[in-house]
Structures are given as C-alpha cells and as structure tokens.
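Visitor: Let me begin by handing over the structure; questions about it come next.
The values are calculated or read from the model by the stated rules, or taken from the named source; none is laboratory data. Values in this document were obtained by computation on a predicted structure and should not be read as measured data. Because the Cβ atoms are built from the backbone with ideal geometry, glycine has one as well, and the counts that use them run over all protein chains shown.
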Amino acid sequence: MNTTNPADLHLSFTPPSVQGFDYAALEAWAKGIAEQYQGLVVTDELVIGIKSEMAHLNAIKKKLDDSRKEAVKVVSAPIEEFKAQIKAVCAIFDNTYAALSVQVKNHEERAREIKRTEVLFAIETLTAEAGYPGLDIPVQDSWLNKTQKPKATADAIKAIIVDLFCGGGGAAWGWRVDDYAMDFVTAREARVMPLLGVGL
C-alpha cells in the first residue's frame with residue numbers, strides 16, 4: 001500500500017518569460033508616436049494624410065499584437081504540455097479509484113445480500129416459533145447495515161409480530177406469542193389476523 005502523504009507532494013516550476021521584452025521602452029515608444037498627433041485638428045487638406053497615418057497606426061498595432069500572439073503561443077507550449085501530462089497522471093488515479101470503487105460497491109452489495117439471507121432466516125424462524133409460520137414481514141433497510149447486530153434485528157422482528165397480533169402490548173415474551181395473544185385480542189385484532197392469513 002502507498003504511504004505517500006499528499007501534503008508532501010510539491011511541483012516546482014519557474015514562471016515563463018519573454019526574452020528581450022522591455023515593456024518600459026515599448027511603452028515610451030508608443031507614447032512618443034501618439035504624442036505626434038495630440039492637438040492635431042483635422043481639416044480638408046489633412047484628411048487624406050491623416051487617413052494614411054491611421055492606417056499606419058493600425059499596421060503597427062497589428063504587428064505588435066501578432067508578436068504577442070506568437071510569444072504567448074511559444075511561452076504557453078510547455079505549459080500546455082505540462083497540463084496534459086498532469087491530466088494524464090491524474091487519470092491514473094481516477095481510473096484506480098474507479099476500479100476500487102466498483103470492487104468496494106460489489107463487496108458491500110454482497111455483504112448486504114448475505115445479511116438479507118440471515119434476516120430472512122431470522123424472520124422465518126421467529127415467526128414459526130411464535131406460531132405464525134409464513135408471516136410476511138418486510139425486510140427493513142436498516143437491518144442490512146453492517147453495524148446492525150443480529151439481536152437488534154431479532155428484537156425488531158419480535159416487536160413487529162407483537163404489534164401485529166397484540167396491539168403493541170409487548171408483555172413478557174416467553175417467547176411464544178400464541179401463549180398469550182388471546183388475552184390481547186380485540187375487535188381490531190380479530191379483523192387484522194384473518195387479513196394476514198393467520199387463524200385465531
């Protein structure tokens with residue numbers, strides 16, 4: 001089993017940079033060009049020339065922006081490769097986790113089925129001992145939990161039988177319900193028992 005502590009896992013890296021890029025100088029150059037047009041008033045005589053200057057400014061901007069895109073592409077290449085590699089490694093953990101999850105789920109389902117078989121046997125045994133073999137008692141989901149104790153399940157089954165036939169009176173089990181059930185039979189029980197297929 002692996003003992004690596006996730007907190008101890010660190011990836012070192014060096015921030016990417018664009019070699020030869022001088023932002024201050026580039027900014028000063030751009031401002032110098034822009035200053036040439038400050039205070040300029042457009043007149044009929046200057047329109048054609050200004051349009052030409054505008055096209056020139058756009059051409060400079062496009063060249064600069066194309067350089068940015070190319071630089072970003074080059075600088076991002078190792079980052080994209082790094083992202084792909086990390087995703088590939090993470091996929092290994094995802095696949096392993098998924099495989100283990102399937103096994104755990106199957107194991108737990110098998111355990112619940114085994115528990116269901118035990119509970120059904122307990123229902124069959126306890127209803128028979130109470131004198132009502134074949135009585136249908138639905139399996140409660142909580143009875144299938146790993147932490148559920150057999151005695152707790154048996155007590156719950158007994159309580160259901162007592163509630164069905166003794167109006168919830170409980171009394172001293174003994175543990176045969178039919179030994180004292182008649183003492184608790186009322187008009188309600190007289191109606192319920194035949195519906196359950198149990199004769200008085």
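Visitor: Residues that are at pLDDT 50 or above, surrounded by 10 or more Cβ atoms within 10 Å (Cβ to Cβ) and in contact with a helix residue (DSSP H, G or I) (Cβ under 8 Å, 6 or more places away or on another chain): does the stretch 167-184 have at least one?
Guide: yes
Visitor: Then there is this: Looking at 151, 146, 158, which is the one that is in contact with a helix residue (DSSP H, G or I) (Cβ under 7 Å, 6 or more places away or on another chain), at pLDDT below 95 and loosely packed, with under 10 Cβ neighbours inside 10 Å?
Guide: 146
Visitor: Within the stretch 64-81, how many residues turn out to be farther than 20 Å from residue 15 by Cβ and either surrounded by fewer than 10 Cβ atoms within 10 Å (Cβ to Cβ) or of a type in the set (A, V, I, L, M, F, W, C) (or both)?
Guide: 1
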